[in-house]
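*Asks:* Sharing a structure, written as structure tokens. Questions coming.
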Amino acid sequence: MYKILIRPLFFLFDPEKVHHFTFSFIRIVCKIPGFPFLFRSFYQINDKRLEKKLFGLTFKNPVGLAAGFDKNAVLYNELANFGFGFIEIGTVTPKAQEGNQKKRIFRLISDEAIINRMGFNNEGVENAVIQLKKNNHKTIIGGNIGKNTLTAPENYTKDYVTCFNALHPFVDYFVLNVSCPNVGSHAKLTDKDYLIELINAVQTANKSYSSQKPILLKIAPDLNHNQLDEVIEIVATTKIDGVIASNTSVLRENLKATDKQLDEIGFGGLSGLPIKDSSTQVISYLAKKSEKAFPIIGVGGIHSAADALEKIDAGADLVQIYTGFIYEGPSLIKKINKAILSKKLKAKSLKPKDEG
């Protein structure tokens, strides 16, 4: 029903307006007695065999919602009804900011993709804390943190640590977003030495708490092998808990959209099917080259159960969806979990039985 009726209607309107309408609609519907239960009954698969233990956390299933959808942590309880094993809020910055000038989200329907240049629009970390205090613990919550656009380079680290300390009591894991192409100059955030400095500063803050939280680094899909080797070195040096691969892409390769369309849209991060392969290649390279030395969350171009399994086969421990959620609807979560469960059961059946 979603792809036949709802999506065509939504796609008649501006993507950002549809996003806000959808949030309001889900929030209102979930306040009606019985509807949250109906959503859970229809979309969730509750099976212990789907559980994944990682970072000292137990994920009820390996399918999460990527950052960018619930920037201000206002809908995570309601979104959990659709069957996500974890939800990542943010990107959150210390101060509220409007982000880039509108219009800033564009659909490439023929490519099943989106280009966005939101620019970390969010209501700031203090507001996120207020919202997270309402957590009813339906699912694991990740906190994706970044810097304010106008922050001077010498204060980047301070921004990340400020967000980390404020969110620490309220999220289950953290993501350092250093790879978003939509926040002005971020050259420093791609420098190996600075990333080590940043991660060490956040790790120091983490160690000041009696209960420490896992910290992950989110990287771009456009990195070459030398840059990916640096990521592996950074993880080994800092002992950060893992990597999310990957963010949106600045490349515009093999698209059905015309050059004229792309010129009219301008800059921004590309997500959706066109980055599926590059994201998977990044996952595969990191997993093989590091000999699976650290956990990887795979995201980028997951529009089907097969896409998710491809990420897992490449070395991802968990997967996240975003653009696929928009194009395919909430049933995608259940389809992926069913496929993962089916694969587990098939693998178990193929194991030789112990000879008595």
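*Asks:* Would you call L38 of a type in the set (A, V, I, L, M, F, W, C) and either surrounded by fewer than 20 Cβ atoms within 10 Å (Cβ to Cβ) or closer than 22 Å to K344 by Cβ (or both)?
*Replies:* yes
*Asks:* Filter segment 145-196 for residues that are modelled with pLDDT of 95 or more and among the acidic types (D, E); which is nearest to S211 (Cα to Cα)?
*Replies:* So, considering only residues that are modelled with pLDDT of 95 or more and among the acidic types (D, E), the one nearest to S211 (Cα to Cα) is D172.
*Asks:* Okay, next question. Of everything in segment 117-156, what is of a type outside the set (V, I, T) and touching a Ser or Thr at 6+ places or on another chain (Cβ under 7 Å)? Give them in sequence order.
*Replies:* Step one: list which residues in segment 117-156 are of a type outside the set (V, I, T), which gives 117-124, 126-128, 131-138, 142-144, 146-148, 150, 152-156.
Of everything in segment 117-156, those that are of a type outside the set (V, I, T) and touching a Ser or Thr at 6+ places or on another chain (Cβ under 7 Å) turn out to be G119, F120, N122, G124, N144, G146, K147, N148.
*Asks:* Which pairs do you get when a residue that is within 25 Å of D277 (Cβ to Cβ), found in segment 91-113, comes within reach of a residue that is of a type in the set (S, T, Y), reach meaning Cβ atoms under 8 angstrom, with the pair 6+ apart or on two chains?
*Replies:* Pairs that qualify, where the first residue is within 25 Å of D277 (Cβ to Cβ) and the partner is of a type in the set (S, T, Y), are E112/T323; E112/Y327; A113/S271; A113/T323.
*Asks:* Can you find even one residue in segment 221-229 that is of a type in the set (A, V, I, L, M, F, W, C), in contact (Cβ under 8 Å) with a residue 24 or more places away in the chain and closer than 21 Å to D277 by Cα?
*Replies:* Looking only at segment 221-229, we keep the residues that are of a type in the set (A, V, I, L, M, F, W, C), and these are 223, 228.
Among the residues that remain, those that are also in contact (Cβ under 8 Å) with a residue 24 or more places away in the chain are: 223, 228.
After this cut, where a residue has to be closer than 21 Å to D277 by Cα as well, the list is 223, 228.
Yes - at least one qualifying residue is present in segment 221-229.
*Asks:* OK, next. In segment 209-216, is there at least one residue being at pLDDT 95 or above, part of a helix (DSSP H, G or I) and more than 30 Å from I109 (Cβ to Cβ)?
*Replies:* no
*Asks:* So, one more: Scan segment 322-339 and give yes if some residue there is acidic (D, E), touching a residue at least 40 places away in the same chain (Cβ under 8 Å) and under 21 Å from I232 (Cβ atoms), otherwise no.
*Replies:* Looking through segment 322-339, none of the residues is acidic (D, E), touching a residue at least 40 places away in the same chain (Cβ under 8 Å) and under 21 Å from I232 (Cβ atoms).
*Asks:* Something else: Tell me the residue from L228, L251 that is at pLDDT 95 or above, part of a helix (DSSP H, G or I) and in contact with a strand residue (DSSP E or B) (Cβ under 9 Å, 6 or more places away or on another chain), please. Don't jump to the end; show me each part of the working.
*Replies:* Working: L251 fails: part of a helix (DSSP H, G or I).
Exactly one of L228, L251 is at pLDDT 95 or above, part of a helix (DSSP H, G or I) and in contact with a strand residue (DSSP E or B) (Cβ under 9 Å, 6 or more places away or on another chain), namely L228.
The values are calculated or read from the model by the stated rules, or taken from the named source; none is laboratory data. Keep in mind it's a predicted model, so treat the numbers as computed, not measured. No Cβ is skipped: glycine too gets one built from the backbone with ideal geometry, and neighbour counts run over all protein chains shown.
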